[in-house]
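Read-outs: derived from the displayed coordinates by stated rules, not from any lab. Predicted, not measured: the structure shown is a model, and the values here were computed from it. When we count neighbours, we look across all protein chains shown, and the Cβ atoms used for this are built from the backbone with ideal geometry, even at glycine.
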Amino acid sequence: MRGKVKQKLKDIYKKLYCAFGPQGWWPGDSAFEVMVGAILTQNTNWQNVSRAINNLKKDKSLSINKLYAMPAHELAQLIRPVGYYNIKAKRLKNFFAFLLKNYKGNIRQMVKKDLFLLRKELLSVNGVGEETADSMLLYAIKKPIFVVDAYTRRIFSRHKLIPEGADYAQTQELFMDNLKADIKMFNEYHALIVKLGKDFCRKQNPRCQECPLRD
């Protein structure tokens, strides 16, 4: 049974890659920018995050020291395009404080730490949930962990690989237990899932007849 699941996951990846090609995800000029983006993207789309990131760049404030020193209300105005900007400004401030206190603001020091110890640390930061922490770990710090989102749960429950209503941990285990811990592949697989979920496997009115995974 487990062998069939492994093969199914590999087949889905191949079909999606053939259909969509490489996604080039996560866009960002630095690990720090990616980590900021992981918080900003909560409950919004990437276009809004990109606008907010560009605001920070135009202001020449996209650095740990400048953003930590910036008053929260000023930061909130710069990230206004992402929505919930006051809440997200506080979450960013919490993360900056964590990064400075534990790693002196140096993300390279985080790379040396054990994946699951680092994940536990990130989850202790107010405003950093599992998807945000895992996005930071995979895309910014290059740790082999699979990022799960609503698209993942929807697609793989529809394909009967996880139960409907499976939680984050159950869904993540499907990939972590059945695929080789490959950073590049985990990165690409998640990006392809997002593409499929947005364009075909929609919550309402899914485009099943045109889906690349249609048998």
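The slack between His73 and Lys90, meaning 0.36 nm per residue of separation minus the straight C-alpha distance, is 5.2 nm.
Between Asp167 and Asn65, the FRET efficiency estimated from the beta carbon spacing at R0 = 35 angstrom works out to 0.40.
Here Ala150 and Lys112 are evaluated by their C-beta separation; at R0 = 22 Å the FRET efficiency comes out at 0.10. Quick one, which of [x] 16.6, 50; [y] 18.7, 67; [z] 18.0, 55 is the actual Rg and Dmax of the Cα atoms in Å calculated for this model? Derived directly from the coordinates: [z]. Between the Cα long axis of helix 168-178 and the first principal axis of the chain there is an angle of about 60°, rounded to the nearest 10. Among Ile79, Ile53, Ile12, the largest mean-square fluctuation in a Gaussian network model of the chain (Cα springs under 10 Å) belongs to Ile12.
Inter-label distance, Trp25 to Glu210: 1.9 nm, where each label sits 7 Å from its Cα along the C-beta direction.
Look at the Cα gyration tensor of segment 3-77: its axes a ≥ b ≥ c give a/c of at least 1.5 with a/b over b/c, and that counts as prolate. In the chain, helical runs assigned H by DSSP with n ≥ 4 each contribute -39500 (n - 2.57); averaged across all residues and rounded to the nearest 500, the mean residue ellipticity at 222 nm is -18000 deg cm²/dmol.
The HN-Hα couplings worked out from phi for segment 187-196 by the Karplus form 6.51 cos²θ - 1.76 cosθ + 1.60 (θ = phi - 60°) are 4, 5, 4, 4, 4, 5, 4, 4, 4, 5 Hz, whole numbers, x standing for Gly and Pro.
Near Asp59, once Lys and Arg are set to +1 and Asp and Glu to -1 for all other residues with Cβ below 11 Å from its Cβ, the sum equals +3. List the aspartates and glutamates whose Cα sits under 19 Å from the Cα of Lys143, skipping any in the same chain fewer than 8 residues away. Within reach: Asp29, Glu33, Asp114, Glu121, Glu130, Glu131, Asp134, Glu173, Asp177, Asp182, Glu188. Once the other residues with Cβ under 11 Å from the Cβ of Gly127 are scored (Lys, Arg +1; Asp, Glu -1), what is the net sum? Surrounding charge for Gly127 is +4.
Each of Cys201, Cys208 was scored by other Cβ atoms within 10 Å of its Cβ. Arranged with the fewest first, they read Cys208, Cys201.
How would you classify segment 8-135 from its alpha-carbon gyration tensor, with a ≥ b ≥ c the square roots of the eigenvalues: rounded for a/c under 1.5, else prolate if a/b is greater than b/c, otherwise oblate? Oblate, since a/c reaches 1.5 and b/c is not below a/b.
The gain in end-to-end length when the Arg202 to Lys58 segment is fully stretched comes to 48.3 nm, 0.36 nm per residue minus the alpha carbon separation. When the trypsin sites (Lys or Arg not before Pro) in segment 111-159 are filtered for DSSP coil states and for at most 15 other beta-carbon atoms within 10 Å of their beta-carbon, the remaining sites are Lys112, Lys113, Lys142. Computed extension gain for Phe98 through Lys180, at 0.36 nm per residue and net of the alpha carbon distance, reaches 26.4 nm.
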